[in-house]
1. For the stretch 175-187, give me the residue count where each residue is modelled with pLDDT of 85 or more and under 15 Å from the mean Cα position of the chain (by Cα).
2. Mind checking which residues of the stretch 241-265 are hydrophobic (A, V, I, L, M, F, W, C) and in a helix (DSSP H, G or I)?
3. Would you mind telling me which numbered condition in (1) surrounded by 14 or more Cβ atoms within 10 Å (Cβ to Cβ); (2) modelled with pLDDT of 95 or more residue 347 fails?
4. Out of the residues in the stretch 144-166 that are of a type outside the set (Phe, Trp, Tyr) and assigned to a strand (DSSP E or B), state the one that is nearest to residue 221 (Cα to Cα).
5. Does residue 291 satisfy the criteria of being assigned by TED's automatic domain parsing to the domain that holds residue 234, more than 26 Å from residue 103 (Cβ to Cβ) and buried (at least 16 other Cβ atoms within 10 Å of the Cβ)?
6. If you scan the stretch 203-260, which residues turn out to be farther than 26 Å from residue 101 by Cα and either without any contact (Cβ under 8 Å) to a residue 60 or more places away in the chain or in the same structural domain as residue 111 (by TED's automatic domain parsing) (or both)?
7. Hey, could you check the stretch 188-211 for residues that are at pLDDT 85 or above and in a loop (DSSP other than H, G, I, E, B) and say which is nearest to residue 17 (Cα to Cα)?
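The values are calculated or read from the model by the stated rules, or taken from the named source; none is laboratory data. The structure presented is a predicted model; accordingly, all values stated were derived computationally and were not measured. Neighbour counts run over all protein chains shown; Cβ positions are idealised from the backbone, glycine included.
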Amino acid sequence: FFFKFFYGYVIFLSFSKCDKYRKGIIDGSACSSLCDKETLYMGRCLSTLPNNQVEDGDALGEVAHYELGEEPEPRREAPVFDKPTRGTSVEKFREMVFNHLKSKLGEQANLASLVSQILSVADGNRDGRVSLPEARSTWALLQMDEVLLGLLLQDRGHTPRLLGYCGDLYMTERIPYGPLYGLSLPWPLASWVPSGVQRTVDQWFTPSWPRKAKISMGLLELVEDVFHGTYGSFLICDVAAARFGYTDRHELRLTDTRAVVPEDEFRRAMRALRCETDADCVYGTDCRTSCDPSERRCREEPVQPNLAKACGALKDYLLRGAPAAMREELERQLYACMALKGNAGQMNMEHSLILNNLKALLWRQISHTKDS
């Protein structure tokens, strides 16, 4: 297991969470184990991000090992657990959650079922009702986009499973292998290693080719599922290897859901962005639009769909060690995929054809192996 938590160090955070729990301010499925039974406890710090701390957690003697995170970011203030207010009914809380999801995801037909799923998670002690401390904790968690998006993608197995929470601290399934390939260097060292050298070294630390193909299939399936998915379309705005990991069964997991943004939110952000050149129209790391010179505002349409960016991330990874009999065809398909332009919604047929052909090519190579 590992803990992800925000806004403080281990000792301070553990004390403050348990203090709030004992005062009846917060609650959650992990609070009792963390604060009463002491069967869960924090271990060493595994991330240098002050507002996105990752902690080694121990549960009943099982120890997990992680690597350091990335460069520090400014710390944010801790949330105040004051919503919903005392006297709020479950129906009113359901409406609060619904409106929050609507503001994040836009008008979606399945929002009501998502609200029910979240209320089920909120019932941490499984007594059939959501208490005020549980509701306040859930509301605080929902303010974190990565938790919300993790819940959206969880049913398809693309993200680590949420195992428990206490206030705005949450525990997820441990993903043993990450990043997707290469070594995750501590941020002071990483800044001194030239990117070309890093890319070369990265290729030395990868699984066998059939296993790489299976992991790559997982990324292609993630792209497929966030494109016109159950709760709308999403853009993957950072496809760096560090955002992904994989399990013992070589199944891909998106370990940093902050890389994913609802398309509605992306479009709103770009509409509000003033620009002089296309270089001003960037969201995150990999999501770009073009600048409208007449209005000096960024256009809404992304320049590249998720699939093109995913293929770019997989090109060197898949071509290195690929079977000779299919290498030329694989390279051709990857370059055709990387050449995709514009919003995938405008080119459904071409997008689907390239995606299906690439998945079929990989599957033919690994379907008969034990890695499939």
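1. Final tally of qualifying residues: 1.
2. Once the filter is applied, which keeps residues that are hydrophobic (A, V, I, L, M, F, W, C) and in a helix (DSSP H, G or I), the stretch 241-265 yields 241, 242, 259.
3. Every condition holds for residue 347 apart from (2).
4. Step by step, filter the stretch 144-166, then rank; the result is 162.
5. yes
6. Once the filter is applied, which keeps residues that are farther than 26 Å from residue 101 by Cα and either without any contact (Cβ under 8 Å) to a residue 60 or more places away in the chain or in the same structural domain as residue 111 (by TED's automatic domain parsing) (or both), the stretch 203-260 yields 204, 205, 207, 215, 249.
7. 207
Residue-by-condition table, conditions (1) within 27 Å of residue 212 (Cα to Cα); (2) of a type outside the set (A, V, I, L, M, F, W, C); (3) touching a Lys or Arg at 6+ places or on another chain (Cβ under 6 Å):
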residue	(1), (2), (3)
294	no, yes, no
307	yes, no, no
312	yes, yes, no
316	yes, yes, no
330	yes, no, no
352	yes, yes, no
363	yes, no, no
